Structure formats: C-alpha cells, structure tokens
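The values are calculated or read from the model by the stated rules, or taken from the named source; none is laboratory data. Remember, predicted model here, so these are calculated numbers, not experimental data. In this analysis, Cβ positions are derived from the backbone assuming ideal geometry, glycine residues included, and neighbour counts consider all displayed protein chains.
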Amino acid sequence: MIWVSWRRQRPQLITLLAMLVVGAGVVVLLRSSMLDSITSSGLTECVTRTTQECSTNKSAGDFRAEWSTRLQLGQAAIIFLPVLIGLFIGAPLFARELEQGTHVLAFTQSVSRTRWMLSKLVVALVPALVVLIALQYLVWWWLTTAGVMGPRVNGSFQVFNFGIEHVSPVAYTLFAFAVGAFVGVVTRRTLVAMIVTLGAFTVLRFALFDVVTRVMTTQREVVTSGLSPTASRDASLVISQGYLDAAGQPIAPDKVGAAVQACKATWTPEGQQEYVACLAKSDLGRRYADFIPESQAWQAHLVDASIYGALAVLLLVGTGWALRRQS
Amino acid sequence: MNPLTATAVGKRYRSRWAVRDCSFTIPEGKVVALVGPNGAGKSTLLGMAAGIVRPTTGGLSAFGTPTAGRTHPDVSYLGQNRSLYHDLTVRELTRAVGSMNDRWSTDRVHEVLGLLTGVDHDAKVGTLSAGTRTQVAIAMALGRLPRLLLLDEPLSDLDPLARDETLRIIMTEVADRGTTVVMSSHLLTDLREVCDHILLVDEGRVQVDGDIEEVLARHRILVGPAADESSVEGTLVSATRTARQSTLLLREAAPTPKGWEGTEPDLESLVMGYLRASRERRR
C-alpha cells in the first residue's frame with residue numbers, strides 16, 4: 001500500500017527533492033560568499049556584538065545594504081513554505097482522487113479506507129516535513145553567520161524571526177496540510193480546498209499571533225521615572241508598560257497622559273530632574289514593563305505549536321471520518 | 001448464502017430517488033443482465049452492491065454481509081468511469097491494485113490481458129484507448145478472484161471485436177470459477193448470448209426479475225386488429241397501435257384469442273416493450 005501511495009505521489013516528491021537540492025545549494029553558496037565579504041571587510045567582530053563602531057562603520061553599512069534583502073528572502077522562504085505545502089500537497093491529496101473518481105479503485109479493493117488514508121498521509125507529509133526542517137535549519141545557519149548584522153538583531157520575538165524558529169514552522173505546516181486535506185475531502189474540489197487553505201491559514205496566523213503571548217506568564221520590571229525599563233530595549237517581548245501608583249497598581253493611560261502634559265511645562269533643556277520630580281509629585285514616580293524574556297521564547301514556540309498541532313490533529317481525524325462517510 | 005440480496009433498498013440524491021424499495025435475490029452462478037432505461041438506477045444499484053454508495057433506506061448484502069461502507073472481499077466491481085490510475089503503466093497498475101488486496105493473482109491478470117489483443121504492459125494507462133482501459137479494468141477486477149462480479153456497462157465503449165473478446169473472457173470466468181456476474185448494458189443482443197437471468201429496473205424499482213427463459217415464457221406478443229382488443233386477456237405491458245393493427249406485449253396472457261397471432265417475445269422485444277411503457281408513463 002505504501003508503494004501505491006509513493007508511486008501516486010511521485011511528482012510532488014520529486015518537486016520537494018528538487019526544492020531541497022536547489023534551496024540547499026543557494027543557501028550554501030550565499031552563506032560562503034557572505035562569509036567572504038564579512039572577513040574581507042573586517043567585520044568579524046560585528047557579527048557577535050553591536051558596538052558603536054559597528055553601527056557607524058561604512059563597510060558595515062555597505063554589508064547591510066547588500067545582504068539584508070537576501071537574508072529577509074531566506075526568512076520569507078521559511079515563512080511561506082508551510083502554506084505552500086498545504087496548498088500544493090495537502091489540498092490535492094484527497095480532493096484530486098475524489099474529483100477524478102480514482103478513490104473508487106482503492107475503495108473497492110480489500111485495503112480499508114483508514115489504512116489507505118494513513119498511507120497517503122504519511123507518504124505526502126513526512127517528506128514535506130523533512131524538507132521543511134532541512135531548509136529551516138539551513139536558513140537558520142545562514143542567518144546565524146550574519147549574527148547581529150542580519151535580521152536576528154531584532155530578537156526571537158520579532159514576527160519573522162518567531163515564525164521560522166523552533167517547532168513553529170513544523171506546526172504551521174501540519175495545520176496547513178490538515179486544512180487542505182480536510183476541506184479537500186469535504187468539498188471534493190481541489191481548487192476550493194486550495195483557496196480555503198490559503199484563507200484559513202492566513203487568517204489564523206494573524207488572529208493567533210498575540211494569543212500565544214497572552215497565555216504565557218509575564219515578568220514585571222519596575223524602574224523609577226526618567227529611566228526606561230531594560231526589557232523595552234533588549235529583545236524581550238513587552239506585553240504592556242506604563243506607570244504604577246503608590247499601591248503598585250498600573251495607572252490608567254488617560255490619567256498618565258494628563259499628568260505628563262501638566263509636567264511638560266517644567267521641562268528644561270538643561271536636565272530632567274524637575275520634570276521627574278514633577279512626575280513623582282503627580283504620583284507617577286515609578287514605571288513598569290510586563291515582558292517575556294527572550295530566553296523564554298522556546299515556551300512561546302511550544303504554546304504556538306500545541307495550538308496549531310491540536311487543530312491539525314482534529315482536522316485529520318475529521319478527514320478520516322469524512323472519508324469513511326464518503327459514498 | 002446468496003451472492004447478492006437486496007432488502008427494500010433505496011437511495012435518494014437530494015430530492016430525487018434513484019433507487020426505491022428494491023428487493024431481489026441473485027442466486028449463485030447466475031449471469032444477470034441488469035437492464036433499464038437511462039437514469040433507471042442501475043449504476044446506483046451496482047454502486048450500493050459494491051459498497052461505494054450508501055443506501056438511504058434498506059440495504060444490500062453480499063454473501064450474507066451488509067455491503068454499506070466497504071466492498072466485500074469476494075466482490076469485484078467495474079465502475080462506469082473505470083477508475084484507474086492514469087499516470088501509471090499497466091504493469092505498475094497491476095502491482096498497485098495487487099498491493100491493495102489480500103487475495104490477488106497477478107497470473108490471472110496477465111492471463112486475461114494476454115487474451116486481449118494489443119495491451120502494452122509498459123504503456124501509461126492514460127494513453128490507452130477507452131476500450132482498452134475497460135479491458136484492463138476488467139482484468140484488474142478478475143485479479144481479485146471474485147465470486148461475484150459487478151460490471152457497470154462493461155461493453156459500452158468497446159468495438160464489436162473487443163466486445164466479443166470481453167464477453168468471451170467473462171464467459172470463461174463463469175465456466176472456470178463459477179463466478180456470479182451482474183452486468184448492466186444496453187446491448188441486448190450481446191446480453192442474450194451470455195446472460196441467463198434478467199433484472200429489469202425502471203424508475204428505481206424492479207419491474208422484472210427472473211430467469212430469462214421463464215420470463216420470456218410468461219410473456220406473449222399478440223398482433224391483431226386495431227379495432228377490437230376486448231377479447232385479449234392478461235396484463236398489458238405496452239402496446240404499439242397503427243391504424244390497421246395493434247402489437248401488444250402481455251404478461252400472464254390467456255390463450256391467444258381468435259383473429260390474433262401470438263408469439264413468445266425475444267429478449268430485445270420484451271425489454272423494448274417495458275422501456276416503451278415506462279416512457280409513456282413518464283409522459
């Protein structure tokens with residue numbers, strides 16, 4: 001049975017293999033040429049540290065101008081790969097059989113419908129995941145070489161970095177694939193399945209973006225007014241920030257706005273002392289920031305993956321059920 | 001255990017009943033001609049017998065096992081659209097179908113394909129002619145070594161020579177393995193050669209069910225004067241009347257009255273009579 005599924009899926013598998021080979025070749029070549037350019041312009045130090053010199057240096061500027069678009073394209077490839085797998089492998093997997101009536105051939109042999117479905121799923125999904133993980137690793141390796149001169153300077157919580165790291169791409173792929181398979185069985189139309197997959201995936205990715213960070217526990221950092229919390233300057237994800245009153249409760253933003261407006265009058269170019277003192281008098285003595293440190297990004301990825309993974313499992317169970325009901 | 005039993009089976013597509021309240025039993029070893037006008041429900045009936053169409057009411061059982069949701073291991077089905085994997089070669093297809101079956105004989109498939117002229121084992125199924133595809137599909141069905149063979153329009157896209165070949169293969173299968181066959185077709189002359197049982201469906205209902213010889217013996221065709229039909233006794237199935245004479249198809253007819261000429265119908269005129277009657281009823 002696995003042989004049948006493999007033989008039927010062969011064109012897609014060859015395409016995947018070609019993508020892997022071409023993708024790997026491109027990344028390896030680009031990375032080595034980038035590495036050359038880093039060493040030849042003497043920027044090796046700037047890969048690991050953001051120093052004053054690195055941000056003003058002309059060759060660093062040239063490097064960024066030359067490489068940032070290419071690095072972002074590498075990220076984009078991993079961002080889009082899950083939905084492409086859903087569209088071109090997940091959606092047609094069953095829809096095409098039902099559309100062309102070839103499912104009848106399998107359904108009238110002695111293999112059970114569930115086994116038929118599972119073998120098709122495994123043969124289509126496992127190679128796609130392997131290729132995805134390989135390309136994800138290659139792009140990560142390339143981005144790491146650029147270090148803080150590349151997109152990674154924005155930290156793990158930045159939208160494009162988050163979407164291509166840890167288990168998130170795998171979970172997105174599972175979800176996109178499962179939507180495609182399920183809608184394909186229900187509607188029996190490849191084109192409809194592809195359109196719904198694209199729509200559902202895009203909507204969910206936008207809708208669920210802050211849900212992940214909302215369900216995680218945050219840490220609170222408190223500083224005196226006039227200073228800014230370190231969390232808002234490093235790669236941590238700041239969920240909310242503002243001022244605390246004497247009881248340690250966050251103050252409503254409109255009250256803060258009024259007080260800050262009132263204190264603006266005391267502000268002088270020489271120093272902030274009077275401005276800060278004014279804020280303290282108006283009960284705005286302390287600032288806070290609720291944040292998730294970058295070191296906990298892996299937890300956010302696990303939450304993310306469990307949401308998408310659970311949806312994918314539900315959809316695949318639904319696919320099996322719909323196939324058994326198919327008549 | 002009978003190869004196929006239908007108990008008040010019905011199938012509704014949205015508001016239209018394709019098959020309604022059908023009950024019949026097909027005894028072992030029969031070659032059954034399933035006939036009826038277009039849209040009579042023949043394909044739906046065969047689909048339900050194969051387990052790929054779910055009945056709305058009642059049910060079918062093959063060798064005593066209900067067929068809904070799965071194909072009985074002893075049943076092979078040839079669908080009207082001959083579902084085959086078009087991107088595989090004949091050889092690959094044989095391997096594919098074989099790997100989807102617990103009981104399978106590649107030798108049987110090769111034997112059947114060997115009897116057919118001009119099937120290239122390394123040709124893609126999609127490049128074959130419609131007729132050859134049908135023959136390949138029949139070979140696949142026989143590879144399952146079935147005890148009941150369900151064929152939906154097996155002769156429809158075959159040229160006369162290929163039709164002859166295919167019928168011969170089916171007949172050999174029946175003779176060698178005692179397979180029960182149910183085949184739907186519009187080609188009544190061909191059916192007459194191979195079938196010994198008739199199941200006539202119309203408007204989703206069984207109209208005639210029985211051994212062809214008996215069914216024919218139960219019917220009479222009477223030709224007589226158009227003016228006076230009062231002396232004719234029996235159940236009138238259909239009639240064609242011209243100004244001068246009437247031709248009547250009767251079931252359970254009494255002895256031929258005076259002035260009329262009575263003959264036993266052949267299969268073709270019997271089926272034609274029923275089809276004509278159904279068309280007139282629908283009008």
### Query
Within segment A:181-214, which residues are at pLDDT below 80 and over 19 Å from A:A312 (Cα atoms)?
A:D210, A:T213, A:R214
## Note on the structure
For A:G42, the lone unmet condition from (1) more than 14 Å from chain B (Cβ to nearest Cβ); (2) under 28 Å from the mean Cα position of the chain (by Cα) is (2)
#### Entry: A:V222 more than 19 Å from the chain's Cα centre (by Cα) and at pLDDT 80 or above
yes
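Filter segment A:157-180 for residues that are closer than 18 Å to A:Y308 by Cβ and modelled with pLDDT under 85 and give the result.
A:F157, A:V159
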### Query
Here are some residues: A:R64, A:R96, A:R70. Which one is over 30 Å from A:A312 (Cβ atoms), out of contact with any strand residue (DSSP E or B) (no Cβ under 6 Å at 6 or more places or on another chain), in contact (Cβ under 8 Å) with a residue 60 or more places away in the chain and among the charged types (D, E, K, R)?
A:R64
### Task
Restrict the check to segment A:121-133 and report whether at least one residue is surrounded by 21 or more Cβ atoms within 10 Å (Cβ to Cβ), in contact (Cβ under 8 Å) with a residue 40 or more places away in the chain, under 24 Å from A:A171 (Cβ atoms) and within 14 Å of chain B (Cβ to nearest Cβ).
yes
### Message
Can you go through B:D74, B:D102 and tell me which one is within 11 Å of chain A (Cβ to nearest Cβ), touching a Ser or Thr at 6+ places or on another chain (Cβ under 6 Å) and either more than 30 Å from B:V9 (Cβ to Cβ) or of a type in the set (D, E) (or both)?
### Response
B:D102
### Task
Mind listing just one residue for me: the one in segment A:283-319 that is surrounded by fewer than 18 Cβ atoms within 10 Å (Cβ to Cβ) and either within 14 Å of another protein chain (Cβ to nearest Cβ) or of a type in the set (S, T, Y) (or both) and, of those, farthest from A:L227 (Cα to Cα)?
A:S306
### Query
Can you find a residue in segment A:176-187 that is in the same structural domain as A:D304 (by TED's automatic domain parsing), among the hydrophobic types (A, V, I, L, M, F, W, C) and farther than 30 Å from A:R325 by Cα?
no
### Query
Out of the residues in segment A:235-261 that are touching an Asp or Glu at 6+ places or on another chain (Cβ under 8 Å) and over 30 Å from A:F162 (Cβ atoms), which is surrounded by the fewest Cβ atoms within 10 Å (Cβ to Cβ)?
A:A246
### Message
Looking at segment B:105-155 only, could you name the residues that are among the hydroxyl-bearing types (S, T, Y) and within 11 Å of another protein chain (Cβ to nearest Cβ)?
### Response
none
### Query
Got a sec? Which strands (runs of 3 or more DSSP E) wholly within segment B:174-269 have at least 1 residues that are closer than 30 Å to B:D164 by Cα?
B:180-184, B:197-202, B:205-211, B:219-225, B:261-263
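Looking at segment B:84-99 only, could you name the residues that are touching a Phe, Trp or Tyr at 6+ places or on another chain (Cβ under 9 Å) and either within 8 Å of chain A (Cβ to nearest Cβ) or over 20 Å from B:A162 (Cβ atoms) (or both)? Spell out how you get there, then give the answer.
Just the residues of segment B:84-99 that are touching a Phe, Trp or Tyr at 6+ places or on another chain (Cβ under 9 Å), to begin with: B:92-93, B:95-99.
Scanning segment B:84-99 gives B:E92, B:R95, B:A96, B:V97, B:G98, B:S99.
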### Task
State yes or no: is B:E261 touching a Gly at 6+ places or on another chain (Cβ under 8 Å), surrounded by fewer than 16 Cβ atoms within 10 Å (Cβ to Cβ) and of a type in the set (D, E)?
yes
### Query
Of the residues in segment B:228-246, how many are over 27 Å from the mean Cα position of the chain (by Cα) and within 15 Å of B:G273 (Cβ to Cβ)?
4
### Number of the exception - A:G101 against (1) within 30 Å of A:F206 (Cα to Cα); (2) within 14 Å of another protein chain (Cβ to nearest Cβ)
(1)
#### Entry: First in segment A:1-20 and within 11 Å of chain B (Cβ to nearest Cβ), second anywhere and among the acidic types (D, E) and assigned to a loop (DSSP other than H, G, I, E, B), Cβ under 9 Å, 6 or more apart
A:R7/B:D87; A:R8/B:D87; A:R10/B:D87; A:P11/B:D87
### Summary
Among helices (runs of 4 or more DSSP H) completely within segment A:210-327, the ones holding 2 or more residues that are in contact (Cβ under 8 Å) with a residue 40 or more places away in the chain are A:273-281, A:297-325
### Message
Consider segment A:46-78. How many of its residues are over 21 Å from A:V139 (Cβ atoms), modelled with pLDDT of 80 or more and surrounded by fewer than 12 Cβ atoms within 10 Å (Cβ to Cβ)?
### Response
1
## Note on the structure
Those residues of segment B:33-67 that are among the aliphatic types (A, V, I, L, M) and at the interface with another protein chain (Cβ under 8 Å from one of its Cβ atoms) come to a total of 3
### Task
Go through (1) in contact (Cβ under 8 Å) with a residue 40 or more places away in the chain; (2) touching a Gly at 6+ places or on another chain (Cβ under 6 Å) one by one and return the number of the condition B:L84 breaks.
(2)
